[in-house]
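To keep things clear, I will list the structure first and then write my remarks on it.
The values are calculated or read from the model by the stated rules, or taken from the named source; none is laboratory data. None of these values were measured; they are calculated from a predicted model. All Cβ positions, even for glycine, are placed from backbone atoms using ideal geometry, and neighbour counts span all protein chains on display. Side chains included, ligands, DNA and RNA excluded: accessible areas come from the protein's heavy atoms. Shrake-Rupley method; radii C 1.70, N 1.55, O 1.52, S 1.80 Å.
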Amino acid sequence: MRVVLLGPPGAGKGTQADRIAARFELVHVATGDILRANVADGTPMGQVAQAYLDSGELVPDEVVVAMMLERLTQADCGHGFLLDGFPRSVAQATALDRHLAELGTPLDAAINLEVAEEELLRRLARRGRADDNAQTIRNRLQVFASSTRPLLDYYEEQGLLFSVAAAGTIDEVTERILHAPSDVPGRPRP
Ligand code: AMP
């Protein structure tokens with residue numbers, strides 16, 4: 001199974017991705033974690049990425065696409081993967097699709113976690129990561145709206161999109177995700 005998890009920063013993608021990946025024995029590939037590890041290790045890619053992470057902007061598509069396609073060709077991804085934080089733009093999504101089409105292993109689903117903005121702000125303030133200060137949070141939400149939100153239409157047109165309300169407890173959201181394919185197709189988004 002090959003799944004993409006979408007949703008704004010603070011929607012709980014990382015937490016839910018861990019659970020869904022464990023349940024289906026998928027590799028959880030978190031783009032932000034890979035980028036932060038590169039920053040911490042001071043790799044050349046980390047040096048490029050640092051300013052983007054600090055400001056909440058997207059790391060340039062060509063950098064992230066090269067990094068992710070390389071990661072997806074590693075053997076552990078052959079049995080399926082859950083992508084958390086990638087793609088984040090239509091250009092990234094088309095690059096991913098092209099790569100998977102060449103391998104004959106297309107995506108099975110794109111799961112979108114929906115959360116009201118006030119709840120996102122509450123969650124991000126509680127999380128306290130380095131890029132969770134007020135200015136960066138505002139920028140990351142704006143970047144989501146302008147660059148990442150169009151992906152919802154992109155995957156809906158392919159019939160792959162399942163939207164899940166991500167309010168409530170962690171367990172409740174996990175249950176909704178596990179039932180998403182039978183419950184949600186075609187449901188209008190707010
Ligand atoms: P995350 O941990 O997914 O919230 O990502 C943290 C930061 O890493 C983002 O604010 C971006 O600066 C960068 N980042 C993560 N994923 C991507 C991506 N797919 N494309 C570009 N930048 C990304």
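For the stretch 106-127, the set of residues classified as open to solvent by 60 Å² or more (accessible area, probe 1.4 Å) and not in a helix (DSSP H, G or I) consists of Pro106, Asp108, listed by residue number. Among the residues of the stretch 88-105, are any away from the ligand (no atom under 16 Å from the Cβ) and touching a Lys or Arg at 6+ places or on another chain (Cβ under 8 Å)? So far as the stretch 88-105 goes, yes, one or more of its residues are away from the ligand (no atom under 16 Å from the Cβ) and touching a Lys or Arg at 6+ places or on another chain (Cβ under 8 Å). Which is among the aliphatic types (A, V, I, L, M), closer than 15 Å to Val29 by Cβ and more than 10 Å from the ligand (Cβ to nearest atom), of Leu83, Leu72, Leu120, Leu113? It is Leu72. The residues of the stretch 77-98 that are open to solvent by 30 Å² or more (accessible area, probe 1.4 Å) and either modelled with pLDDT of 95 or more or not in a helix (DSSP H, G or I) (or both), listed by number, are Arg88, Val90, Ala91, Thr94, Asp97, Arg98.
Against the definition (touching a residue at least 12 places away in the same chain (Cβ under 8 Å) and within 22 Å of Glu62 (Cβ to Cβ)), how does Arg88 come out, yes or no? Taking the combined requirement at face value, the residue satisfies it. State the number of residues belonging to the stretch 33-64 that are modelled with pLDDT of 95 or more, near the ligand (Cβ under 9 Å from one of its atoms) and open to solvent by less than 20 Å² (accessible area, probe 1.4 Å). Going through the stretch 33-64 one residue at a time, the tally reaches 4. Listed by first and then second residue, the pairs with beta-carbon distance under 6 Å, at least 6 apart or on different chains, first residue in the stretch 52-67 and touching a residue at least 24 places away in the same chain (Cβ under 8 Å) and within 12 Å of Pro87 (Cα to Cα), second open to solvent by 30 Å² or more (accessible area, probe 1.4 Å) and near the ligand (Cβ under 8 Å from one of its atoms), are Leu58/Arg88; Val59/Tyr52.
Please tell me if Met67 is assigned to a helix (DSSP H, G or I) and away from the ligand (no atom under 11 Å from the Cβ). Explain how you work it out, then say what you get.
Numbers: assigned to a helix (DSSP H, G or I): yes; away from the ligand (no atom under 11 Å from the Cβ): no.
Here the answer is no, as Met67 does not meet what is asked.
The set of residues from the stretch 14-32 being part of a helix (DSSP H, G or I), open to solvent by less than 50 Å² (accessible area, probe 1.4 Å) and in contact with a helix residue (DSSP H, G or I) (Cβ under 9 Å, 6 or more places away or on another chain) comprises Gly14, Gln16, Ile20, Thr31, Gly32.
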